[in-house]
Amino acid sequence: VRFLAPGVRDNPADAVKAGSLRLLSRRADVGFPPDWRAAGLPRLWQYNLHYFEWLWELDYPAARAAVADWIDNHRPSEDAVGWEPYPTSLRLTNWCAVFFGRWRAQTQADSGLLDRLWTSIIRQAQWLSRRLETHLLGNHYLENGAALAFVGSCFTGDLARRWFETGSRILREQLPEQVLPDGMHFERSPMYHCRAMYVLAMLMATGDARLREWIAEPLSRMVAAPRHICHPDGQIALLNDSALGICNEPGALRSFCSRLLGIADGDSPAEGCFCLPDAGYYGWRDPEGNYLICDFGRIGPDYIPGHAHADTFSFELSLRGHRVIVDAGVYDYEDSPMRAYCRGTSAHNTVEIDGRDQCELWGAFRVARRGYPHDVLWEPGEQGFRLSGWHDGYRRLPGRPVHYRRIDWSADGTLTVLDRVTSSRDVRVVSRVHLHPACTVAVSRPGRLEVEYPGGRLRIDGPPVGIQRLEEGWYCPQFGIRQPAQAVAFETRGTDVTLRYSLRQAN
């Protein structure tokens with residue numbers, strides 16, 4: 001069986017064996033075998049250490065040494081990060097794929113490791129079986145089920161059968177809910193969509209006919225989505241909690257899944273209009289490298305909005321193959337000012353009212369009152385599209401304001417955005433356009449800006465009324481990376497206000 005190594009491979013074996021690991025854009029000297037506590041490093045970094053995705057880079061002796069040390073020195077404990085259910089799920093899959101897939105012959109001939117490895121896998125699978133993340137559900141629960149099904153399919157015996165039954169029950173229950181009819185993962189994050197694709201593909205790669213029966217259909221729908229949620233550079237759009245450098249390259253992942261399914265991969269994404277109506281993603285792609293994706297969907301499932309951002313009606317735009325209008329991305333998963341910034345409405349290409357977010361965000365993953373899109377109308381055509389709707393996210397504020405947005409896209413590369421806010425009392429309305437850090441404002445005067453980007457020049461014509469200004473912000477394309485970036489802000493006040501601006505490539 002040939003499995004696909006997970007994630008982006010940026011930990012060369014020599015560096016790992018020298019004690020240096022780079023996870024989430026942060027390199028740390030943790031020794032080899034690593035110091036499994038990784039004290040002082042962020043919790044998500046510690047999680048990634050215990051995933052053991054870096055194990056795929058090592059030769060057999062080094063992989064053996066690392067796993068044997070973990071077994072000896074990271075004992076089961078409710079307080080140990082490595083024994084939390086989520087890292088346990090990912091580690092089980094990686095250990096089994098590496099030692100009983102990639103290094104199968106060496107492992108079976110190594111009696112000194114085999115018994116210890118099998119004993120540890122039993123302990124971890126039993127531990128996980130008693131700690132399924134039903135309090136979180138979503139991608140965590142899917143990973144729990146997939147890990148148990150994966151381990152159960154690799155072995156025989158009563159224990160393996162019970163793991164498989166538990167895992168397969170979770171998969172049969174969750175897949176109809178977590179994979180939307182249009183193929184997107186229901187948390188509406190391109191990053192987690194790719195991760196869910198990978199998880200299902202690894203289960204398919206076991207060759208177990210029972211798993212294929214349950215997984216082939218949802219996976220075949222999921223494979224089509226990356227054609228729509230990736231920019232011309234081949235990387236995902238940064239909608240909701242999404243970051244580059246975490247999951248497998250979308251093109252390679254799609255090809256791997258297509259081979260497992262026995263379907264044609266296709267050379268390039270379809271051109272013209274596209275829509276993922278259940279996720280609420282609509283847009284355009286053309287052979288000149290122009291790409292637009294608009295988010296007119298719910299922020300996520302009502303009971304698990306932890307990876308959602310307050311970004312209703314936001315969009316991202318690439319021109320001539322270059323990202324120009326961007327989402328802020330994700331910097332960290334801590335309860336931090338940067339986490340609050342990246343999730344907040346002001347970090348997205350949409351309207352903020354009275355300095356408040358569209359949703360009540362709190363903690364690192366919590367959402368209280370949130371808005372919903374209404375009357376979304378998608379009108380595609382051969383030469384562009386029109387997309388419109390309104391949301392009620394601000395109705396909790398005094399005056400019960402409502403935001404309506406209409407987006408018009410023309411095949412000549414012109415984007416027009418019309419915002420209207422109505423309220424029973426005076427409100428301050430700010431509509432923002434966030435520029436990629438590679439962009440520079442070459443000309444700025446009332447009502448017009450000219451922006452240079454690596455592929456050319458973009459002209460932004462603003463509303464004839466109100467205030468136009470440049471703001472400083474952040475662009476976080478990867479965990480742990482933040483780059484200064486500018487945003488164009490259009491501001492006005494009133495009880496019934498309209499802001500209209502357009503973006504077009506300048507000659």
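The values are calculated or read from the model by the stated rules, or taken from the named source; none is laboratory data. Note that the structure is a prediction, hence the values are computed from the model and not measured. Reconstructed Cβ throughout: ideal geometry from the backbone, glycine too, with neighbour counts over all protein chains shown. In case anyone asks, the SASA skips ligands and DNA or RNA and just uses the protein heavy atoms, side chains included. Shrake-Rupley method; radii C 1.70, N 1.55, O 1.52, S 1.80 Å.
Overview of values
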{"quantity": "Virtual paramagnetic centre 7 Å along Cα→Cβ of Leu397, amide N under 20 Å, in segment 483-507", "calculated": "487-501"}
{"quantity": "Compactness index (Cα Rg / 2.2 N^0.38 Å), segment 418-506", "calculated": "1.20"}
{"quantity": "Distance cut-off 15 Å, percentage of C-alpha pairs in segment 1-106 lying past it", "calculated": "61"}
{"quantity": "Å² of accessible area per residue within segment 7-51, as computed with a 1.4 Å probe and no ligands counted", "calculated": "48"}
{"quantity": "Distance between modelled label sites at Asp158 and Asp14, nm, 7 Å Cα→Cβ extension", "calculated": "5.2"}
{"quantity": "With eigenvalues of the C-alpha gyration tensor scaled by 5 and rooted, segment 86-243, Å", "calculated": "29, 17, 14"}
{"quantity": "Spin-label zone in segment 1-23 - amide nitrogen under 19 Å from a point set 7 Å from the Cα of Ser255 along the C-beta vector", "calculated": "2-10"}
{"quantity": "Span per principal axis, largest first, for the Cα atoms of the chain (Å)", "calculated": "77, 45, 43"}
{"quantity": "Summed side-chain charge close to Gly207 - residues other than Gly207 whose Cβ falls under 14 Å, Lys, Arg +1, Asp, Glu -1", "calculated": "+3"}
{"quantity": "Theoretical gain in end-to-end length, Leu470 to Leu377 [0.36 nm per residue, Cα-Cα removed]", "calculated": "30.3 nm"}
{"quantity": "Relative counts (whole %) of C-alpha pair distances in segment 166-227, using bins that are 5 Å wide", "calculated": "4, 19, 33, 27, 14, 4, 0"}
{"quantity": "Pairwise FRET efficiency - Ala68 versus Arg425, Cβ, R0 = 51 Å, nearest 0.05", "calculated": "0.15"}
{"quantity": "Mean ellipticity per residue at 222 nm, deg cm²/dmol - from DSSP H runs of n ≥ 4 across the chain, formula -39500 (n - 2.57)", "calculated": "-9500 deg cm²/dmol"}
{"quantity": "Dipole magnitude of the chain about its Cα centre (Cβ charges: Lys, Arg +1; Asp, Glu -1), debye to nearest 20", "calculated": "380"}
{"quantity": "For segment 245-303: rounded, prolate or oblate by the Cα gyration tensor [a/c cutoff 1.5]", "calculated": "oblate"}
{"quantity": "Fraction of accessible area attributable to carbon and sulfur, the chain (%, probe 1.4 Å)", "calculated": "48"}
{"quantity": "Radius, Kirkwood style, for segment 157-263 when every pair of distinct Cα atoms is counted (Å)", "calculated": "14.3"}
{"quantity": "Shape parameters for segment 59-125, alpha-carbon atoms, Rg then Dmax in Å", "calculated": "11.7, 35"}
{"quantity": "Ranked packing of 355-364, 306-315, 155-164, most packed first, by mean Cβ within 10 Å", "calculated": "306-315, 355-364, 155-164"}
{"quantity": "Separation of alpha-carbon centers, segment 9-40 and segment 352-402, rounded to whole Å", "calculated": "42"}
{"quantity": "Isolated Cys in the chain, by beta carbon distance under 4.7 Å", "calculated": "Cys96, Cys154, Cys230, Cys257, Cys273, Cys275, Cys294, Cys342, Cys359, Cys439, Cys476"}
